[in-house]
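Let me begin by presenting the structure, written as structure tokens, before commenting on it.
The values are calculated or read from the model by the stated rules, or taken from the named source; none is laboratory data. On a predicted model such as this, the values are computed, not experimentally measured, just so you know. When we count neighbours, we look across all protein chains shown, and the Cβ atoms used for this are built from the backbone with ideal geometry, even at glycine. Accessible surface is based on the protein model in full, side chains and every heavy atom, while ligands, DNA and RNA are left aside. Shrake-Rupley method; radii C 1.70, N 1.55, O 1.52, S 1.80 Å.
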Amino acid sequence: MNKFSFLYLIIITICFSACNPNRSQEGTNSSSINNSDSAHIEIKYAQGFKVTYFDNYKLVDIQDPQGESETIYRYALVNRGQSHERISQDYTIIETPVRSLICMTTLQLSNFIKLDALDKVVGMTSTNFLFNEKMKERIKTGKASQIGIEGNFDKEIIMALDPDVVLVSPFKRGGYEVIKDLNIPLITFLGYKETSSLGQAEWLKFVGMLLGTEEHANHKFVEIEKKYNELKALSESVTNKPIVLSGEMRSGNWYVVGGKSYLAEQFRDAGAEYFLKGNEETGGVNLDFESVYSQGANADFWRLLVSHTGDYSYEVLKSSDARYADFKAFKEKKVVYCNLRQKPFYENAPVEPEVVLADLIKAFHPELLPDHKPVYYELLK
């Protein structure tokens, strides 16, 4: 081989190596991924999952964002048909893109609605308050089925659906043993436990990885993030920040969320303060009436999620507990509510935090968004 040929061979070898950056089997954490690679995801807000990339697969570790459980759920998302011999047995193998799946909650379903991927959903639990017309049509025509409720699943229906995976919420009622016996991979979905609105919405990217539509999921999230942060910046200009009460009496206790929850953050981002802002809890808290009254009786606004047939009113609210009429927000007609029987809150709001934020800003500071028409939350008339 002459000198020129030898030099040419070296150059070709270098170019080939440079064009194949994935030859190494060393993992790359998603936090260091170059944003120009739209097929990868970068996690910015979600605390419940992390991703490490390899040649033809990625490892996903899922953990409770609120830290109430130390269990780590491990999944290896492998390109369909590719080898997975080198993957640790600690990881459940999931072949992607997933072709069919079952959702256990409407919060999970919201991700598939947002990504226009309802054709992948072949089963779900109760449809009593289902709003989405496309999903209702799929169930009506037999393209999807109801599988029962948590704790009482119909094993025969699930077997007939033969889904690739089932999305589950392990901290709820459960009853997943029936499904485990069918050897269908169960994937833990903890988006609902995120402590920030954008963190919850960012689980779109996780669903995008399952479906092999990371680029689409990235694009959708960028739109959400941009609008949310623009609204947040708008509300930062206010000097008067009203206090917001939340929750109501249920079975003798007033159920609220803690001061470090995503809801408390939403109030702050909307230019308000949560009445329990000093509380350090991220999840739900049960208080007695006296405790709530002492801290929230003079709150400027009162946020409520209700499930009421027909028109909701102050009289209906008072009829459930006469003591409600003693709250300042009740007296001054400052109750901000969403009726779950009339609005697809759980179907859409988890992946539309910017819309929820706009509703709250409209209620707390109407002068900031004079043309906004409430979608979920509105002032009770």
Original post:
For the range 56-83, which residues satisfy the criterion of being crowded, with 16+ Cβ neighbours inside 10 Å and part of a loop (DSSP other than H, G, I, E, B)?
Top reply: Asp64, Pro65, Gln66
Original post:
So which residues in the range 85-103 are open to solvent by 10 Å² or more (accessible area, probe 1.4 Å) and part of a loop (DSSP other than H, G, I, E, B), if there are any at all?
Top reply: Glu85, Arg86, Ile87, Ser88, Gln89, Asp90, Tyr91, Pro97, Arg99, Ser100
Original post:
Is it true that some residue in the range 34-44 is part of a strand (DSSP E or B) and modelled with pLDDT of 95 or more?
Top reply: no
Original post:
From the residues in the range 273-283 that are touching a residue at least 24 places away in the same chain (Cβ under 8 Å) and part of a loop (DSSP other than H, G, I, E, B), which one is surrounded by the most Cβ atoms within 10 Å (Cβ to Cβ)?
Top reply: Phe275
Original post:
Where in the range 287-381 are there helices (runs of 4 or more DSSP H), lying fully within it, with 3 or more residues that are closer than 23 Å to Thr195 by Cβ?
Top reply: 289-296, 345-348, 353-364
Subject >> the range 252-272 residues that are of a type outside the set (Val, Ile, Thr), paired with ones that are open to solvent by 10 Å² or more (accessible area, probe 1.4 Å) and assigned to a helix (DSSP H, G or I) (beta carbon under 7 Å, 6 or more apart) >> reply: Trp254/Phe289; Tyr262/Gln200; Asp269/Lys232; Ala270/Phe364; Gly271/Phe364; Ala272/Phe364
**OP:** For residues that are among the β-branched types (Val, Ile, Thr) and in contact with a Phe, Trp or Tyr (Cβ under 8 Å, 6 or more places away or on another chain), scanning just the range 267-300, find the one that is farthest from Gln47 (Cα to Cα).
**Re:** Val292
Original post:
Has the range 198-218 got any residue that is touching a residue at least 40 places away in the same chain (Cβ under 8 Å), buried (at least 20 other Cβ atoms within 10 Å of the Cβ) and under 21 Å from His365 (Cβ atoms)?
Top reply: yes
Subject >> Subset of the range 307-323 (residues that are without any contact (Cβ under 8 Å) to a residue 40 or more places away in the chain and not polar (S, T, N, Q)) >> reply: His308, Gly310, Asp311, Glu315, Val316, Lys318, Ala322, Arg323
Original post:
Which pairs do you get when a residue that is more than 20 Å from Lys155 (Cα to Cα), found in the range 114-132, comes within reach of a residue that is hydrophobic (A, V, I, L, M, F, W, C) and open to solvent by 30 Å² or more (accessible area, probe 1.4 Å), reach meaning Cβ atoms under 9 angstrom, with the pair 6+ apart or on two chains?
Top reply: Phe129/Leu340; Leu130/Ile139; Asn132/Ile113
**OP:** Could you pull out the residue among Asp326, Asp371 that is out of contact with any helix residue (DSSP H, G or I) (no Cβ under 8 Å at 6 or more places or on another chain), open to solvent by 40 Å² or more (accessible area, probe 1.4 Å) and over 30 Å from Lys205 (Cα atoms)?
**Re:** Asp371
**OP:** Starting from the range 43-57, take each residue that is over 14 Å from Gly208 (Cα atoms) and in contact (Cβ under 8 Å) with a residue 40 or more places away in the chain and list its partners that are part of a strand (DSSP E or B) and open to solvent by less than 20 Å² (accessible area, probe 1.4 Å), counting only C-beta distances under 8 angstrom and pairs at least six apart or across chains.
**Re:** Gly48/Ile62
Original post:
When you look at Phe112, is it within 26 Å of Glu215 (Cβ to Cβ) and either modelled with pLDDT under 95 or of a type in the set (Phe, Trp, Tyr) (or both), yes or no?
Top reply: yes
**OP:** Take the range 249-260 and flag every residue that is of a type outside the set (Gly, Ala, Ser) and either in a loop (DSSP other than H, G, I, E, B) or buried (at least 18 other Cβ atoms within 10 Å of the Cβ) (or both).
**Re:** Trp254, Val256, Val257, Lys260
Original post:
under 21 Å from Val356 (Cβ atoms), in contact (Cβ under 8 Å) with a residue 12 or more places away in the chain, in contact with a strand residue (DSSP E or B) (Cβ under 6 Å, 6 or more places away or on another chain) and open to solvent by 60 Å² or more (accessible area, probe 1.4 Å): does that describe Lys241?
Top reply: yes
